[in-house]
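Sharing a structure with you now.
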């Protein structure tokens, strides 16, 4: 397969910068399972402070963050209330069922964002002997399949209030929470305040090679650490990779605004290309969803031609739909170059 010269497939495609590599090389390390790795401890303290939570736990991946939270909050046979577009529903290989025996109850939100009324309608009666019990409410910030849509803090608070009325915890899949922070201008702790557990990803817009950090109350994190061992996520001298996260939080958060600007530029350019369909007004962060005219070609064919003929990688997410994601390794000149490549493929 050709190596792309412009890679808009995902913000997971970032590579650690030279400065991040130097931070990794210089990391102090110790046994993280014993709480003796100073770099892991520093990263966890930084995230707990950032999100306004008592404690935080460094983990290998965001998927593990979700699945540990679900394991802590739910019991086999219970349900997770979440949007029909949720990452945990589509891209975690059925892990809620496989790892925790949990079912899912999808809601029909608008571009990944649902409301309190939908939560009220979805909660199962506690006195039913036949229906599964509701275990928790899970939201995704930003909404991936919702086009990078930002959950407004007021909506999070309303949904959390509805969940509390039924004694349900609220979990936030914060894979791109910091994109939402930069786009909205609202601090991360305000987004997280109504949630009982929340995590941020290090390997997407922040540019780290690996890792995520899960946060919550002290009792929650203590149980989460046990699940970390259970799911095979325990590490040793993990400061080597945690150092990348420390560097990223110090240096790579505010620059997410550049990714958002590039996404808007890309969306506006796509709107001018015959054979593509997009509403640039829907672009809030770093994700750009658009459609290919099926009379011209399918989205997978368009994706394959872009890569083979022009070295531009953009993923197809259906027979018509494409997803482009801007990130740290996409420079300003790459946007017009990618637009020219797409116009050329369609013209040919």
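Bear in mind these aren't lab numbers, they're just calculated from the coordinates by the rules spelled out. The structure displayed is predicted, hence computed values, not measured ones. Every residue, glycine among them, receives a Cβ derived from its backbone with ideal geometry; neighbour counts consider all protein chains shown.
Determine, for 287, 103, the number of other Cβ atoms within 10 Å of each Cβ, and report the residues in order from fewest to most. Walk me through the numbers before you get to the answer.
Values: 287 27, 103 17.
Result, fewest neighbours first: 103, 287.
Also, I was wondering about something else. Roughly what % of DSSP beta bridges within the chain run antiparallel, to the nearest 5?
Taking every DSSP beta bridge within the chain, about 55 percent pair in antiparallel fashion.
With springs connecting C-alpha atoms under 10 Å apart, model the chain as a Gaussian network and identify which of 173, 219, 259 has the largest mean-square fluctuation.
Largest GNM mean-square fluctuation: 219.
In nm, give the distance between the simple-model label positions of residue 15 and residue 90, each being 7 Å from the Cα along the Cα-to-Cβ direction.
3.0 nm
Can you tell me the relative contact order of the chain? Whole percent, Cα pairs under 8 Å, sequence separation 6 or more. Don't skip to the end; give the middle numbers.
Numbers: 738 pairs, mean separation 85.1, N = 348.
Computed over the chain, the figure is 24 percent.
Taking the Cβ-Cβ separation of residue 281 and residue 158 as r and a Förster radius of 35 Å, what is the calculated FRET efficiency to the nearest 0.05? Please list the in-between numbers first.
Details: r = 24 Å, r/R0 = 0.68.
Calculated value: 0.90.
Something else about it: Rg (Å, one decimal) plus Dmax (Å, integer) for the alpha carbons of the chain?
Looking at the chain, its Cα Rg and Dmax stand at 20.5, 63 Å.
Can I ask one more? Between residue 298 and residue 121, what is the label-point separation in nm under the 7 Å Cα-to-beta-carbon projection?
It is 3.5 nm.
At q = 0.12, 0.15, 0.27 Å⁻¹, what log₁₀ I(q)/I(0) does a Debye calculation on the Cα points of segment 171-252 give, no solvent, two decimals?
-0.38, -0.60, -1.36
For segment 200-222 and segment 64-117, what is the separation of their Cα centres, given in Å?
If we compute the Cα centre of each part, the gap is 18 Å.
Here's a follow-up. Place a label point 7 angstrom from the Cα of residue 250 along the Cα-to-Cβ direction, then list the residues of segment 165-194 whose backbone nitrogen is under 20 Å away.
No residues fall inside that zone.
Give me the Debye-computed log₁₀ of I(q)/I(0) at q = 0.12, 0.14, 0.20 Å⁻¹ for segment 10-150, equal point scatterers on Cα only, no solvent, two decimals.
-0.65, -0.84, -1.26
With a point put 7 Å past each Cα toward its Cβ, work out how far residue 108 is from residue 193 in nm, to one decimal.
3.3 nm
Sum -39500 (n - 2.57) across every DSSP H segment of at least 4 residues in the chain, then divide by the residue count to get the 222 nm mean residue ellipticity, nearest 500. Walk me through the intermediate numbers first.
Working: 14 runs with 144 residues, N = 348.
Helix-only estimate at 222 nm: -12500 deg cm²/dmol.
So what is Rg over Rh here for segment 255-347, counting just Cα atoms and using Kirkwood for Rh?
Working: Rg = 12.1 Å, Rh = 13.0 Å.
Ratio of gyration radius to Kirkwood radius: 0.93.
Computed FRET efficiency, Cβ-Cβ of residue 131 and residue 291, R0 45 Å: what is it to the nearest 0.05? Let's see the in-between values first.
On the way: r = 38 Å, r/R0 = 0.85.
The pair residue 131/residue 291 has a calculated efficiency of 0.70.
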